[in-house]
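The values are calculated or read from the model by the stated rules, or taken from the named source; none is laboratory data. Source: prediction; values computed, not measured. Note that we place each Cβ from the backbone using ideal geometry, even for glycine, and neighbour counts take in every protein chain shown.
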């Protein structure tokens, strides 16, 4: 099995592309920021067993692994490639059946009413169509968590390579905040959740 790798804007994260579905097309990604959170994924558990791995993000057709600063990619990349190849060749599911997703909003859409709900629907649509594809290309994801109508603040969570990336604050403020403010005048500010 040939697995491509891509660097990400986060020097501690690398994107692994096995050339086949990881979660499947249309699936939203799942973030495992700790070993304990990986109980829902046999693949993430396997990767966390590699010394130096400190985060795993599973996307539709890619895996992003985040390492500790103390370890160099040249030392752990072969083990990650081998682990992913063995796992994918075995045809095992990346997620345990019934595993909970981490991309649910903190405030469900149903909790917003009237104009607030329309604003949130606009925000979510912009994130889904314009932002998520771009951050997925960099090995990460961004998830809408909450909108405060009184203050105009949108709370988002960065995942995968985007979590802890040196440029994530710039992405939130200069990119996403400016775009949301342009299309949705009710948005005043974007914050990391």
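Within the bounds of the range 36-43, is there any residue that is touching a strand residue (DSSP E or B) at 6+ places or on another chain (Cβ under 7 Å), closer than 16 Å to residue 139 by Cα and not assigned by TED's automatic domain parsing to the domain that holds residue 158? There is no residue in the range 36-43 that is touching a strand residue (DSSP E or B) at 6+ places or on another chain (Cβ under 7 Å), closer than 16 Å to residue 139 by Cα and not assigned by TED's automatic domain parsing to the domain that holds residue 158.
What about residue 25, is it under 21 Å from residue 136 (Cα atoms), outside the structural domain of residue 145 (by TED's automatic domain parsing), surrounded by fewer than 18 Cβ atoms within 10 Å (Cβ to Cβ) and touching a residue at least 12 places away in the same chain (Cβ under 8 Å)? For residue 25, the condition - under 21 Å from residue 136 (Cα atoms), outside the structural domain of residue 145 (by TED's automatic domain parsing), surrounded by fewer than 18 Cβ atoms within 10 Å (Cβ to Cβ) and touching a residue at least 12 places away in the same chain (Cβ under 8 Å) - is met. Does residue 92 satisfy the criteria of being surrounded by fewer than 17 Cβ atoms within 10 Å (Cβ to Cβ) and at pLDDT below 85? Judged against the criteria, residue 92 is not a match. Within the range 4-18, the residues that satisfy the criterion of being within 13 Å of residue 137 (Cα to Cα) and part of a loop (DSSP other than H, G, I, E, B) are 8, 9, 10.
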